[in-house]
Amino acid sequence: MSIHNKKLFLLCLATLAGLFVLQFLLSDYLVLAFTRILILAVFAMGYNVLMGYTGLVSLGHAMFFGAGVYGAGLSSYYLGVSLPVAFLAGILAAIVLSFLIGLLALRTQTVSFMIVTLMFSQAAFLLILYFSEFTGGDQGLTLPTSARSFSLFGLEVDMTSDVARYNLALTVFGVVLLGLFAFTQGPVGRLLVAVRENEDRTRMLGFDTYAIKLLAFTVSGGISGVAGALYGLMFGYIGSAFAEFKISIEALLFTLVGGPGTLLGPLVGTGLMTLLFDRLSGVTTAYLIVIGALLIVVTLWFPTGILGTLRDRWLPWLK
């Protein structure tokens, strides 16, 4: 492991330790808020694999988040499976969907790719509404009380407990973070960056760039499904709102603000923007105007995101 990778790895461990301690310092409301932030940060981390490391901008990642939500939620609601099994079902649904969509969408490039992913996402959203008798449509479905707890390795986990939910979200976040560290900082990660920087040259060197992008797309969609499955099961509700277009935009926004192509950028972007959304929406109905103005400032001062700019100017190992 290079010295740069060691510094980044230690920063990841320090971040996880800080997040663990944070729960003892915050109010119950903020613990719940940071639980949401951790789950949405996992979603943004998945999106970052595709956009930040591979250079592909998708406008359809809401369908993978939604696949996780519905794959897990419907399994629990209709089949009555345990929460761990439902969680795995949501992840599997997102992986299969992202692989199949990737086979088609990756035959396009740049703007066409963005439009195709958007079209697939909107089609998935309309299917949810069309089969509303099964999916609950825009009204959604509330999971039964029996689906709010589970036993794993002899440990009882109550999903109605704020502490349990926070630590479960932190555990999933930590596994994804360390998994992505190994994925992005290793040989595969260098291939992703090579495709982002110069796909033609990478192809000339003998690499199958289509397969590389398909891998990135599938991993990205699968991690998005992890976040969706966890969100739906943790809060006991599934609905079409989780597959709306704005969910894709939020993932893009979180990644851009935090720093595309940085491991911890999605966490920074998600935390900052989520807290801003929550605080400003309670002050004014025009909070989106304020956030838009702040985004302009962030773009001017941090053109590659907060951590991306720190990496470019002072900390080259922050990647």
Practice prompt. For the chain, state the semi-axes of the equivalent ellipsoid (square roots of 5 times the eigenvalues of the alpha-carbon gyration tensor), sorted largest first and rounded to whole angstrom.
Written response: 29, 24, 20
Item to complete: Return one whole number: the accessible area per residue of the chain in Å², for a 1.4 Å probe.
Response: 46
Discussion item. Apply the a/c threshold of 1.5 to the C-alpha gyration tensor of the range 1-146 and tell me whether it is rounded, prolate or oblate.
Written reply: oblate
Discussion item. Going Cα to Cα from LYS7, which lysines come in below 17 Å? Please leave out same-chain ones fewer than 8 positions away.
Written reply: LYS319
Worksheet item: Could you work out the helix-only [θ] at 222 nm for the chain, with each DSSP H run of four or more residues adding -39,500 (n - 2.57) and the total divided by the number of residues, to the nearest 500 deg cm²/dmol?
Response: -23000 deg cm²/dmol
Practice prompt. Please identify the longest segment of the chain free of exposed chymotrypsin sites (Phe, Trp or Tyr not before Pro), where exposed means a DSSP state other than H, G, I, E or B and no more than 12 other Cβ atoms within 10 Å.
Written response: 154-313
Practice prompt. Work through the residues other than GLU244 whose Cβ is under 15 Å from its Cβ and net out their charges, Lys, Arg +1 and Asp, Glu -1.
Written response: -1
Worksheet, complete the sentence: In the chain, whole DSSP H helices that both stretch 18 Å or further along their axis by alpha carbon positions and average at least 1.0 on the Kyte-Doolittle scale are 3-22, 28-48, 83-105, 110-130, 162-184, 209-235, 245-258, 287-301
Discussion item. In whole percent, and with a 1.4 Å probe on the protein chains, what portion of the accessible area of the chain is carbon and sulfur?
Written reply: 70
Discussion item. What does the C-alpha gyration tensor say about the overall shape of the range 20-105? Classify as rounded when a/c is under 1.5, otherwise prolate if a/b is larger than b/c, or oblate.
Written reply: oblate
Discussion item. Please enumerate, by chain and number, the aspartates and glutamates with C-alpha under 17 Å from the C-alpha of LYS213, excluding those fewer than 8 residues away in the same chain.
Written reply: GLU197, GLU199, ASP200
Item to complete: Multiply the residue gap between LEU127 and MET204 by 0.36 nm, knock off their C-alpha separation, and tell me the result in nm, one decimal place.
Response: 23.6 nm
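The values are calculated or read from the model by the stated rules, or taken from the named source; none is laboratory data. On a predicted model such as this, the values are computed, not experimentally measured, just so you know. Heads up, the Cβs are rebuilt from the backbone with ideal geometry, glycines too, and the neighbour counts pull from every protein chain shown. Note: areas computed on protein heavy atoms with side chains; ligands, DNA, RNA excluded. Shrake-Rupley method; radii C 1.70, N 1.55, O 1.52, S 1.80 Å.
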